[in-house]
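The values are calculated or read from the model by the stated rules, or taken from the named source; none is laboratory data. In this text, all values refer to a predicted model and were calculated from it rather than measured experimentally. Using ideal geometry, Cβ is built from the backbone for each residue, glycine included, and neighbour counts are taken over all protein chains shown. Side chains included, ligands, DNA and RNA excluded: accessible areas come from the protein's heavy atoms. Shrake-Rupley method; radii C 1.70, N 1.55, O 1.52, S 1.80 Å.
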Amino acid sequence: MDHSEAPVLDALTAYQAQDQLPFTPPGHKQGRGADPRVRAVLGDALFRADMLAVSGLDDRTMSRKVMERAETLMADAVGADHTFFSTCGSSLSVKAAMLSVAGPHQKLLVGRDVHKSVISGLILAGIRPVWVDPQWDVDLHLAHPPAPEAFRAAFEEHPDARGALVTSPTPYGACADVGAIAELCHRRGVPLIVDEAWGAHLPFHPDLPTWAMDAGADVCVTSVHKMGSGLEQGSVFHLQGDLVTKDTLAARADLLDTTSPSVLVYAALDGWRRQMVEHGRDLLDEALTRAHRVRAAIGDIKGLHVNGRADFCGAGRAADLDPLQIFIDLSGVPFDGYAAADWLRRTHRINLHTSDHRRVNAQLTYADDDTTTARLLDGLRDLVAHADELPAAPDIRLPDPGELRLRQAALPRDAFFGEVEQVPAEQAVGRTCAEMLTPYPPGIPAVVPGEVLDQVVVDYLRSGVRAGMLVPDAADGTLDTIRVSVRDVDAD
């Protein structure tokens, strides 16, 4: 196929060159009605490119097949059978994938380290999750993707499961053995969904972990805005094989998708695919070389340790690691990740991604250069030099990783939509939780609706909030009170 073509961008250019006049939404009419103060910040080009997909980018019947051609080119670029664009992020895409595999009260094997969007999918669909435990690193207090053996055991106990879902890479860059898990699924004639939101770049360089489609996954969900050049909310989901049909996946996505998609997001997805096909190998070559240098330089800063394959990969841990995710262990300094992230933003205007009780994360992409990484390194050196100015790491009641697993007493849907009450945290112990409690980022729920709260997890979350942890989906962000079920509903 001709990957120098960019159907969405070409259609945008033609629309503007033809002097098309809209009597349709959006109401700003290519920016003519937008407040000049808004245009001064966002730019006129943004408003000129903001149009309807139907009777705008394409005609009323979509006869030019602009979107169809753009999605076909994306599928060809990565070797998938079919690709779908989403302007609602991978949070929508993964729900569509789940709904295409399992329905109400049907079982789906789900890694317990999934993003909150997967839990939302369980709630909306009424799917019965069969939790597959991650591989816990007791020393690092970190979850790696579940092992294939854990999925095998879950299938043996639940042979009626309709499929499986695994997150790979995790927000920590740790990758599952997707090939082995896919083989387990296919032996049983059921599909594997991979939430690969952090892996948009993986198909485009051989030195990166194997991407989900090459490893045999049936449906793969990717956030192009995370590690690619997409705009926020830009997501694609890919399909191969015949265990999930194209029509089924499209119908499920249509249930959730907006009828007013952003052409701006479509255009960025289309342009990123062209960029990756034409220049991705070279761009990622440079990014990987730069990441190696940055890792070495951070390792030379006293008190800082960069987590690498030796920390994250091996028996009982991850199968592979994305080296562009730079996780810095702070156990050699007296402050925690929350204080470090806040200090770097306040004093150096550097925004890190994930921060927790002992780590911070600097995510590198091919957009970085020597200027950005030099500024990061200067900030980190200054951080350590001012260690005595930062608050000491507070006491967070960290449980053993296994203690974080709670008993599922009710379906997530039943607990979430059932009769609930807000009670003091002390009184919530022993009760069935009716809300998600999710430290964010990275957005992996510590408690799922339907799980029974215990003292260990309540103490962990409340001490974490006091230390700077954010739990934004809780009805009470302080966790002084927690939402619980009035009546417990048996999950069986």
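Points to keep in mind about this one:
- Gly228 closer than 30 Å to Ala291 by Cβ, open to solvent by less than 40 Å² (accessible area, probe 1.4 Å) and touching a Pro at 6+ places or on another chain (Cβ under 9 Å): no
- Candidates Ala80, Ala45, Ala34 - the one that is open to solvent by less than 70 Å² (accessible area, probe 1.4 Å), closer than 20 Å to Asp247 by Cα and either out of contact with any Asp or Glu (no Cβ under 8 Å at 6 or more places or on another chain) or outside any loop (DSSP other than H, G, I, E, B) (or both): Ala80
- Filtered residue count, region 472-489, keeping only those that are open to solvent by 60 Å² or more (accessible area, probe 1.4 Å) and either over 15 Å from Val448 (Cα atoms) or touching a Gly at 6+ places or on another chain (Cβ under 7 Å) (or both): 4
- Of the residues making up region 233-244, those that are touching a residue at least 24 places away in the same chain (Cβ under 8 Å) and surrounded by fewer than 24 Cβ atoms within 10 Å (Cβ to Cβ) are Gln233, Gln240, Gly241, Leu243, Val244.
- Boolean, Pro146 is part of a loop (DSSP other than H, G, I, E, B) and either open to solvent by less than 40 Å² (accessible area, probe 1.4 Å) or farther than 23 Å from Asp322 by Cα (or both): yes
- Taking the criterion of being acidic (Asp, Glu) and crowded, with 24+ Cβ neighbours inside 10 Å, the residues of region 193-224 that qualify are Asp195, Glu196, Asp218.
- Considering residues of region 457-471 that are open to solvent by less than 10 Å² (accessible area, probe 1.4 Å) and of a type in the set (Gly, Ala, Ser) only, the residue farthest from Gly337 (Cα to Cα): Ser463
- Pairs where the first residue, in region 132-145, is on the phi > 0 side of the Ramachandran plot and the second is surrounded by fewer than 17 Cβ atoms within 10 Å (Cβ to Cβ) and in a loop (DSSP other than H, G, I, E, B), C-beta under 8 Å, 6+ apart: His141/Leu398
- Verdict on Ser120 being among the polar types (S, T, N, Q), closer than 23 Å to Val265 by Cα and either part of a helix (DSSP H, G or I) or at pLDDT below 95 (or both): no
- With respect to the stated conditions, Gly477 fails to be at positive phi and in contact (Cβ under 8 Å) with a residue 12 or more places away in the chain.
- Hits in region 280-289 (condition: closer than 23 Å to Ala197 by Cβ and either over 22 Å from the mean Cα position of the chain (by Cα) or open to solvent by 40 Å² or more (accessible area, probe 1.4 Å) (or both)): Arg281, Leu283
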